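Novice: Sharing a structure here in structure tokens format.
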Amino acid sequence: MMSSSKHSSLKPPADALWFLSLGGTGVFGANLSLYGHGGKWLMVDCGILFGDARTPGIDVMMPDISFVQEHHQDVLGLVVTHAHEDHLGAIPYLASLLRLPVYATPFAASLLRAKFASIKIQERVDIIEFNPGESFTLGPFTVESIPVTHSVVESVMLAIKTSCGHALHTGDWRLDPQPVIGDVSDEARLAALGREGLLAVVGDSTGALVPGKTPSETSVQQTLKNLFGSYDKRIIVTCFASNIERIHSIAVAAKASGRYVSLVGRSLWRNAQIAADLGYLPAFETFLSEYEAMETPRHKIVMICTGNQGERRAALTRIAVFDHSVVELERGDVVMFSSSEIPGNEKDIARTQSLLLARGIKVLAAKNLPAEKGVLHASGHGAREDMETLYRMVSPPCVMCVHGEILHQAEHAQLARACGVPKTIVPLDGEIWRLGPGLQEKVTEVPVGRLGLDGTALRPLDDAVTHARRRMNFNGAIVATIVLDRHGHVAAAPQLALLGLDDAAYGKVLRMTLTDKLEDELARSPRSVLLDDAQTRQLVLNVIRRHMRTQEGKKPVVDVHLVRL
């Protein structure tokens, strides 16, 4: 725990607005921001990041909230900008630790309640709904929500207002003049905020490398109509389960081509039901079950699947490896990837697409669709022209570049400067920045980290367990059992278990080689060593590690079981 003096130094002053990111800089995902003023903190978003080969056994990661727990008495609440996993996905896992009221729009609130109910913790969370465009007050903060278009309904920017000035937290956004459902971005209000004066914009960096302007969802809907009419076999479209606009576009295009729609994947059904209950998806009542879809003539069905990122447990991936209990695809069917590739998922996506192609299934990917055929995916994030429009609209004196890898953050900063923004900052997680008034400067740094969901347990990811798993993933593991009597004599031949190394030929030779070396070393070692457990274990470790490093070129995890009779 921090000392009382340390706590005091991290109490935000009444004459400044502070900003702290505990997740979401230098990486895509795990977004968590804090604003500090008048001795209090306001938390914005709390999302997840998916694991990869560097975190074996860990599928879900999230920010370490130790700072929030240590300052709990000063944290007033958590405001959610929109219903995407990288912005709200950690809340169910951390709810019992956060113990904060959660403010969310109706769609995000309904999604959270569904998540809480699935793990039976809904009674611990106080969810307070607000509609896009509404304002509310928490302590010294007034939070105004500004409706913006994104790839999920009811997304908002947040104007964080204090007695010493205001900041605009963009969340994720685009400027779509023709959304197929929901409201357009409230550009008039954004321009008004700019005229009123801002201390800073804390802005999403995702689209900083993308030239031009993000296309409208209306363009995607028209492309889907054209494509659906071009095929006479079963069509499968994979997209993000939260993209209600896309589900709506697919339903409209399917109806135009005389096809029925079916959803494949629990998260799709859950999100679509929530959207239908809120009036966003009137076509939901006509959707077919997976069983009904498989009984429908191939040329009369469009199936919407999860799995656009190649996730191994998602519906499309299971279909591609013949592991789905209901859905089977046939030669000539068409799979459309109506999504962008999240950095880091390229190999998994390519694997799924290759499996489909090998079975004679046609694959269309948004990034490879010829321009003359239209647009198969519209990002939820504003591209460079959209970002330029925003900064010329609100004219901030400072832009804090968050939500992206360092490359995206740096490009974002350069773009903002080109738009006339005097001050740009590329922060790191754990840095507390003064946003104003007046000088923008780094105040201090606090410890940061990540938690990983290991089975059902949350634990820090910077510990020895994760390091050992990573080593085992690449180098295997060896467990040696040594049996000695109470006089230090070898009572049985060493036994070796080779994990991740034991194929029929190589494993047999390696086991014999290591056994011989251990027997020789134990035979020549003094009794004083063999009567000491710690020295004996170290001796065995040294023999195995030395051989594996010098002769095999590997550094496996090695464990020694010492048995004394």
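Novice: Going through A275, A314, A283 one at a time, which residue ends up being closer than 28 Å to E346 by Cα and touching a residue at least 24 places away in the same chain (Cβ under 8 Å)? Break it down stepwise before answering.
Specialist: On the way: A275 fails: closer than 28 Å to E346 by Cα; A283 fails: closer than 28 Å to E346 by Cα.
After applying the criteria, what remains is A314.
Novice: If we only count helices (runs of 4 or more DSSP H) wholly inside the stretch 60-169, which ones have 3 or more residues that are open to solvent by 20 Å² or more (accessible area, probe 1.4 Å)? If you could, list the steps in order and put the result at the bottom.
Specialist: Details: elements: 66-70, 85-88, 91-98, 106-118.
Once the helices (runs of 4 or more DSSP H) in the stretch 60-169 are filtered for at least 3 residues that are open to solvent by 20 Å² or more (accessible area, probe 1.4 Å), what remains is 66-70, 91-98, 106-118.
Novice: Looking at the stretch 199-226, I want the residues that are farther than 18 Å from S338 by Cβ and open to solvent by less than 10 Å² (accessible area, probe 1.4 Å) and have a partner that is in a strand (DSSP E or B) and among the polar types (S, T, N, Q) with Cβ atoms under 7 Å, at least 6 apart or on another chain. Which pairs are those?
Specialist: Going by the 7 Å Cβ cut-off, the qualifying pairs are V202/S33.
Novice: Given (1) crowded, with 18+ Cβ neighbours inside 10 Å; (2) small (G, A, S); (3) modelled with pLDDT of 95 or more, identify the lone condition not met by S339.
Specialist: Only one criterion in (1) crowded, with 18+ Cβ neighbours inside 10 Å; (2) small (G, A, S); (3) modelled with pLDDT of 95 or more is unmet by S339, namely (3).
Novice: Please work out which residue is modelled with the lowest pLDDT, limiting yourself to the stretch 60-100 and to residues that are touching a helix residue (DSSP H, G or I) at 6+ places or on another chain (Cβ under 7 Å) and of a type in the set (S, T, Y).
Specialist: Per the criteria, the residue is S96.
Novice: On to the next question. Restricting to the stretch 426-452, name every residue that is open to solvent by less than 30 Å² (accessible area, probe 1.4 Å) and part of a strand (DSSP E or B).
Specialist: E431, I432, L435, G436, L451, G452, listed by residue number.
Novice: For the stretch 494-512, enumerate the residues that are open to solvent by 50 Å² or more (accessible area, probe 1.4 Å) and on the phi < 0 side of the Ramachandran plot. Walk me through how you get there before you give the answer.
Specialist: If we filter the stretch 494-512 for residues that are open to solvent by 50 Å² or more (accessible area, probe 1.4 Å), which is where we start, we get 495, 499-500, 502-506, 508-509, 511-512.
Result: Q495, L499, D502, D503, A504, A505, Y506, K508, V509, R511, M512.
Novice: For the stretch 504-523, enumerate the residues that are under 12 Å from I478 (Cβ atoms) and basic (K, R).
Specialist: Of everything in the stretch 504-523, just one residue is under 12 Å from I478 (Cβ atoms) and basic (K, R), namely R511.
Novice: Moving on. Being modelled with pLDDT under 90 and either of a type in the set (F, W, Y) or open to solvent by less than 50 Å² (accessible area, probe 1.4 Å) (or both) is the filter here, so list the residues in the stretch 464-479 that pass it. First the steps, then the outcome.
Specialist: The initial filter retains those residues of the stretch 464-479 that are modelled with pLDDT under 90, namely 464-478.
T466, A468, F474, N475, G476, A477, I478 - these are the residues of the stretch 464-479 that are modelled with pLDDT under 90 and either of a type in the set (F, W, Y) or open to solvent by less than 50 Å² (accessible area, probe 1.4 Å) (or both).
Novice: A follow-up question, please. All but one of (1) charged (D, E, K, R); (2) closer than 11 Å to I478 by Cβ; (3) free of Cβ contacts under 8 Å to residues at least 12 places away in the same chain hold for R549, so report the exception by its number.
Specialist: Here R549 meets the rest and fails (2).
Novice: Now a separate question. So, in the stretch 542-565, exactly how many residues are out of contact with any Lys or Arg (no Cβ under 7 Å at 6 or more places or on another chain), assigned to a helix (DSSP H, G or I) and within 16 Å of L499 (Cα to Cα)?
Specialist: Here the count works out to 2.
Novice: Of the residues that sit in the stretch 21-59 and are assigned to a loop (DSSP other than H, G, I, E, B) and among the aliphatic types (A, V, I, L, M), which one is modelled with the lowest pLDDT? So that I can check it myself, show each step before the final result.
Specialist: At the first step, the residues of the stretch 21-59 found to be assigned to a loop (DSSP other than H, G, I, E, B) are 24, 26, 28-31, 38-39, 45-48, 51-59.
Filter once more, so that each one left must be among the aliphatic types (A, V, I, L, M): 30, 48, 53, 58.
Values: A30: 93, I48: 93, A53: 56, I58: 69.
Among those that are assigned to a loop (DSSP other than H, G, I, E, B) and among the aliphatic types (A, V, I, L, M), it is A53.
Novice: Would you mind stating whether V184 is among the hydrophobic types (A, V, I, L, M, F, W, C), part of a loop (DSSP other than H, G, I, E, B) and in contact (Cβ under 8 Å) with a residue 60 or more places away in the chain?
Specialist: Values: among the hydrophobic types (A, V, I, L, M, F, W, C): yes; part of a loop (DSSP other than H, G, I, E, B): yes; in contact (Cβ under 8 Å) with a residue 60 or more places away in the chain: no.
So V184 does not fit the description; no.
Novice: Continuing with the same structure: Does T536 satisfy being of a type in the set (S, T, Y), in contact with a helix residue (DSSP H, G or I) (Cβ under 9 Å, 6 or more places away or on another chain), in a helix (DSSP H, G or I) and open to solvent by 30 Å² or more (accessible area, probe 1.4 Å)? Break it down stepwise before answering.
Specialist: On the way: of a type in the set (S, T, Y): yes; in contact with a helix residue (DSSP H, G or I) (Cβ under 9 Å, 6 or more places away or on another chain): yes; in a helix (DSSP H, G or I): yes; open to solvent by 30 Å² or more (accessible area, probe 1.4 Å): no.
It is false that T536 is of a type in the set (S, T, Y), in contact with a helix residue (DSSP H, G or I) (Cβ under 9 Å, 6 or more places away or on another chain), in a helix (DSSP H, G or I) and open to solvent by 30 Å² or more (accessible area, probe 1.4 Å).
The values are calculated or read from the model by the stated rules, or taken from the named source; none is laboratory data. Nothing here was measured: the structure is a model prediction, and the numbers come from that model. Neighbour counts are summed over all protein chains in view; Cβ atoms, including those assigned to glycine, are modelled from backbone coordinates with ideal geometry. In case anyone asks, the SASA skips ligands and DNA or RNA and just uses the protein heavy atoms, side chains included. Shrake-Rupley method; radii C 1.70, N 1.55, O 1.52, S 1.80 Å.
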